[in-house]
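Let me begin by presenting the structure, written as C-alpha cells, before commenting on it.
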Amino acid sequence: MMWSNFFMQEEDRRRTAVGRRRAQEQQNLGLTPEREGKIKLGLLVAIVGATLAVLAVGTEFWVELNTYKTNGSAVCEAAHLGLWKVCIKRLWQADVPAGRETCGPAELPGEANCTYFKFFTTGENARIFQRTTKKEVNLAAAVIAVLGLTAMALGCLCVIMVLSKGAESLLRLGAVCFGLSGLLLFVSLEVFRHSVRALLQGVNPETPPVPRLAYEYSWSLGCGVGAGLILLLGGIYFLLLTLPSWPWRSLCPKRDGPAT
C-alpha cells in the first residue's frame with residue numbers, strides 16, 4: 001500500500017511538471033489563444049487563395065479565341081487555352097447567341113479537340129487557327145506559375161509548423177512566401193497576356209489568308225487574379241503579425257473611460 005501511494009505521488013509530480021513545462025513553453029513562444037486565432041484566420045484566407053491558384057493553373061480557360069461567324073455555314077470554330085493545353089471546338093452557329101458576331105462562348109456544346117502543348121516535351125511550337133505560338137513566352141508563363149505554387153506551398157507549410165510546433169520564427173518566412181507567390185502569379189498572368197498578343201501576331205506570310213480572330217479572357221484567368229491578390233494580402237497580414245505590438249499601441253492609444 002505504501003509503495004502504491006509512493007508511485008501514485010511520483011506520477012502526479014511528473015504530470016504536474018510536464019504540464020508546467022508545456023505551459024511555460026507556450027508562454028515563451030507567445031502563442032496565446034488570441035494570437036493563435038489570428039494565425040488560423042490568416043491561414044484560412046491563404047487556403048482560399050491557394051485553392052483559386054491551383055484551379056487557375058490547372059485549367060485551360062485563360063483566354064478564348066473566337067472566329068467570326070460566316071454566312072452560309074452551319075458551324076464555326078472557337079478555341080480556349082491555358083498554360084498547358086489548347087482545345088479547339090466546332091460549334092453550331094444556331095447555338096451561338098443571336099447578337100454575337102463571333103463564334104462562342106467556348107462553353108457551348110460541340111466537337112472538341114484538346115491537345116497538350118508540345119513545347120514542354122519536344123520543343124515544338126503550336127499552331128492555332130494558322131497562327132504560331134512563341135514557345136519561349138508560353139514556357140516562361142508556365143514556369144513562373146509553378147514557382148508561385150511552390151512558394152505558396154512553402155508558406156502554408158511554415159504557418160502549419162507555427163501552429164503545430166510553436167515555431168513562431170517561421171511566421172515571417174511564411175509571410176514572405178505568400179507575398180512572393182502572389183507576385184509570381186501576377187507576373188505569370190502578365191507574361192501570358194504577352195503570349196496571347198504574340199500568338200495573334202504570329203502569322204506566317206506563306207500560309208493562306210488566316211481567319212480573323214477575337215479574343216476574351218475567361219474565368220481561369222479571373223481565378224488567377226483573385227488568387228494573386230488574396231495571397232499577396234495574406235502575406236502582408238502575416239507580416240503584420242510578426243511586428244511588435246508596441247507601435248500599434250502608440251498609434252491607437254486606449255481611451256480613458258468617462259469621468260464620473
### Query
Could you list, in sequence order, the residues of segment 20-50 that are small (Gly, Ala, Ser), at pLDDT 90 or above and within 16 Å of VAL162 (Cα to Cα)?
GLY42, ALA46
### Message
So the check is Cβ under 6 Å with 6+ separation or different chains; which pairs have a first residue in segment 158-181 that's without any contact (Cβ under 8 Å) to a residue 24 or more places away in the chain and a second one that's in a helix (DSSP H, G or I) and open to solvent by less than 40 Å² (accessible area, probe 1.4 Å)?
### Response
CYS158/GLY174; LEU170/CYS158; LEU170/VAL162; LEU173/CYS158
### Message
Taking the conditions exactly as written (of a type in the set (A, V, I, L, M, F, W, C) and farther than 18 Å from THR59 by Cβ), does ALA153 satisfy them or not?
### Response
yes
### Task
Specify the residue that is nearest to CYS103 (Cα to Cα); the eligible residues are those in segment 60-74 that are in contact (Cβ under 8 Å) with a residue 60 or more places away in the chain and open to solvent by 30 Å² or more (accessible area, probe 1.4 Å).
TYR68
### Task
From GLY166, GLY148, GLY182, GLY155, grab the single residue that is small (Gly, Ala, Ser) and over 21 Å from the mean Cα position of the chain (by Cα).
GLY166
### Query
Going through segment 113-152 one residue at a time, which ones are open to solvent by less than 60 Å² (accessible area, probe 1.4 Å) and in contact with a strand residue (DSSP E or B) (Cβ under 7 Å, 6 or more places away or on another chain)?
PHE117, ALA126, ILE128, PHE129, ARG131
### Query
Does at least one position in segment 79-89 carry a residue that is in contact with a Cys (Cβ under 6 Å, 6 or more places away or on another chain), open to solvent by less than 50 Å² (accessible area, probe 1.4 Å) and either more than 26 Å from SER181 (Cα to Cα) or in a loop (DSSP other than H, G, I, E, B) (or both)?
yes
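The values are calculated or read from the model by the stated rules, or taken from the named source; none is laboratory data. Everything numeric here is computed off the predicted structure, so don't read it as measured data. Here Cβ is always computed from backbone atoms with ideal geometry, including for glycine, and neighbour counts include all displayed protein chains. We work out accessible area using only protein heavy atoms, side chains counted, and drop any ligands, DNA or RNA first. Shrake-Rupley method; radii C 1.70, N 1.55, O 1.52, S 1.80 Å.
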